[in-house]
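Reviewing the structure listed below.
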Amino acid sequence: MLNARLTGIVGERPADEFYQEFNLERPTVFAEFYFKEMKQIFHLPGMETWPDSMITKSQGSSPPPKYYMSLVCFRPPGVDSFKAAPASIKQRVKLAHSKARDMVCSCFESKEDHHCIKVAMRHYPSIAIFMCPLLDPKQGMKRL
């Protein structure tokens, strides 16, 4: 059961508002839902343990990093509505699109499959779950 509700409240907003945002029906090219919202939207069994499953034992006495997770719905760069989007959204959409495309292509060896994936993602909206470790501001940025 992916979603327990089609009416009422979904993800802490009225269902019609949620579905318009989720399906990118408003004149937008990007929608992001944080992990707390993802749990309210999808209701997948064991989902609350996802962050714990990503924690690895750290060396030394420092605690393991926490992870930031979000579900992102985005239209392909280049669609008409993309032109009117703010520069910061355009940058996020381009990055999300390229990361999702590269990840899906990495699951297939054939160049023909890669071509089909790229064509599909150039014409249709995509949905992806992105994760990254939350960094301690005192430590600065690190390459993982």
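The values are calculated or read from the model by the stated rules, or taken from the named source; none is laboratory data. Quick caveat: nothing in here was measured; it's all calculated off a predicted structure. Because the Cβ atoms are built from the backbone with ideal geometry, glycine has one as well, and the counts that use them run over all protein chains shown.
If you go through the stretch 83-138 and keep only what is of a type in the set (Ser, Thr, Tyr) and either modelled with pLDDT of 90 or more or not in a helix (DSSP H, G or I) (or both), you end up with 98, 106, 110, 124, 126. Residues that are surrounded by 15 or more Cβ atoms within 10 Å (Cβ to Cβ) and of a type in the set (D, E, K, R) within the stretch 40-49 are absent altogether. Residues in the stretch 7-32 that are of a type outside the set (Phe, Trp, Tyr), touching a helix residue (DSSP H, G or I) at 6+ places or on another chain (Cβ under 6 Å) and surrounded by 14 or more Cβ atoms within 10 Å (Cβ to Cβ): 4 in all. Within the stretch 47-82, the residues that satisfy the criterion of being among the β-branched types (Val, Ile, Thr) and either farther than 18 Å from residue 26 by Cα or modelled with pLDDT of 85 or more (or both) are 49, 55, 56, 72. If the condition is being surrounded by 12 or more Cβ atoms within 10 Å (Cβ to Cβ) and either free of Cβ contacts under 8 Å to residues at least 12 places away in the same chain or hydrophobic (A, V, I, L, M, F, W, C) (or both), then the stretch 70-90 contributes 71, 72, 73, 74, 79, 82, 85, 89.
For the stretch 92-111, a residue qualifies if it is over 17 Å from residue 132 (Cα atoms) and either surrounded by 12 or more Cβ atoms within 10 Å (Cβ to Cβ) or basic (Lys, Arg) (or both), and the qualifying residues are 94, 101, 104, 105, 108, 111.
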